[in-house]
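Right, one structure below, let's go through it.
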Amino acid sequence: MQQTEGEEHARLRRLVSPAFTARRAAAFRPRIERIVDRLLDGLDDGTGRVDFLTRFAQPLPMDVITELVGIPADRREDWRAYGAALAAVNRDPRVFPEPERLDFGRPIGGHLGYAYGPHFCLGAALARVQVEVAVVALLKRFPGLELIAAERMPDPGAWRLSTLEVAL
Ligand code: HEM
């Protein structure tokens, strides 16, 4: 769908969008909670330190989506460049003070994390439920969670982390 435009894109979107409504995403919440709980159960291997990326952040959306539908995994080069542009505008300090700081109290709205216009992320409602469930459950389970190390991938085409080590 991302690779189509105009009429064909609109036709595809009309076909699949009933599966991606906010109501559907909300109905999916209990299943997301179960998936999140299962991942959190396996998080602490006794060392008190964990690579959050490989043990939680990466498997979560995969586990959720395989319960729901399949999405095409490969992303084209031009799409990556577009993603980099979106990542950059979301970190524009003129719009978002201290853009690198994770601040759940930021005023809502204005970001382009899910894009804009006709290709606006179809999974946004689901992703929002997923993120909310995950963050709430994570902080409830590990209230002392602390960042140890975060590193970005040496990839100008995407804003991705290679390391996200945390203490539980
Ligand atoms: C935090 C998680 C997510 C982020 C940040 C995100 C971000 C985005 C962005 C930026 C686009 C625009 C791509 C473009 O313009 O070509 C997009 C498109 C799309 N996303 Fe997401 N997404 C997320 C989760 C999901 C999930 C969970 C699903 C499916 C269940 C999903 C399905 C789609 C689809 C189908 C499109 C293509 C829409 C179109 O071309 O009309 N996304 N997403």
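Just tell me the longest site-free run in the chain, where the sites are chymotrypsin sites (Phe, Trp or Tyr not before Pro) in a DSSP loop having at most 16 other beta-carbon atoms within 10 Å.
Working: sites that count: PHE104, TYR114, TYR116, PHE120, TRP159.
That gives 1-103 as the longest site-free run.
Give me GLU33, GLU100 sorted ascending by neighbouring Cβ count inside 10 Å, so fewest comes first.
GLU100, GLU33
With a Förster radius of 22 Å, plug the Cβ-Cβ distance of ASP103 and LEU161 into 1/(1 + (r/R0)^6) and report the FRET value to the nearest 0.05.
The computed FRET efficiency comes out at 0.80.
Kyte-Doolittle cut-off 0.5, length cut-off 24 Å along the helix's own axis using Cα: show which whole DSSP H helices in the chain pass.
124-141
Any idea how far apart ARG14 and ASP92 come out in nm if each label point goes 7 Å out from Cα toward Cβ?
For ARG14 paired with ASP92, the spin-label model returns 3.4 nm.
Please list, short to long, the whole-number percent of alpha-carbon pairs of region 102-168 in consecutive 10 angstrom bins beginning at zero.
It works out to 15, 35, 42, 8, 0, in whole percents.
Under 8 Å for C-alpha pairs, at least 6 residues apart: give me the relative contact order for the chain, rounded to a whole percent. Intermediate results must be reported in sequence, preceding the final value.
Details: 144 pairs, mean separation 54.5, N = 168.
This gives 32 percent for the chain.
Okay, helix-only estimate at 222 nm for the chain: each DSSP H run of n ≥ 4 adds -39500 (n - 2.57), divide by all residues, round to 500 deg cm²/dmol; what do you get?
-13000 deg cm²/dmol
Connecting C-alpha atoms closer than 10 Å in a GNM of the chain, tell me which of ARG49, ARG94, ARG31 has the biggest fluctuation.
Ranking ARG49, ARG94, ARG31 by mean-square fluctuation puts ARG94 first.
Where the centre of each part is set by its Cα atoms, how far does region 95-168 sit from region 28-42, in angstrom?
Cα centres, region 95-168 to region 28-42: 18 Å.
With no solvent and one point per C-alpha, what does the Debye sum give as log10 I(q)/I(0) for the chain at q = 0.17 Å⁻¹?
For the chain at q = 0.17 Å⁻¹, log10 I(q)/I(0) is -1.36.
Going by C-beta contacts inside 10 Å, put LEU147, LEU112 in order with the fewest on the left.
LEU147, LEU112
No value in this document is a laboratory result; all are computed from the given coordinates. If you're wondering where the values come from, they're calculated on a predicted model, not measured in any experiment. Note that each Cβ is placed from the backbone with ideal geometry, even for glycine, and that neighbours are counted across all protein chains shown.
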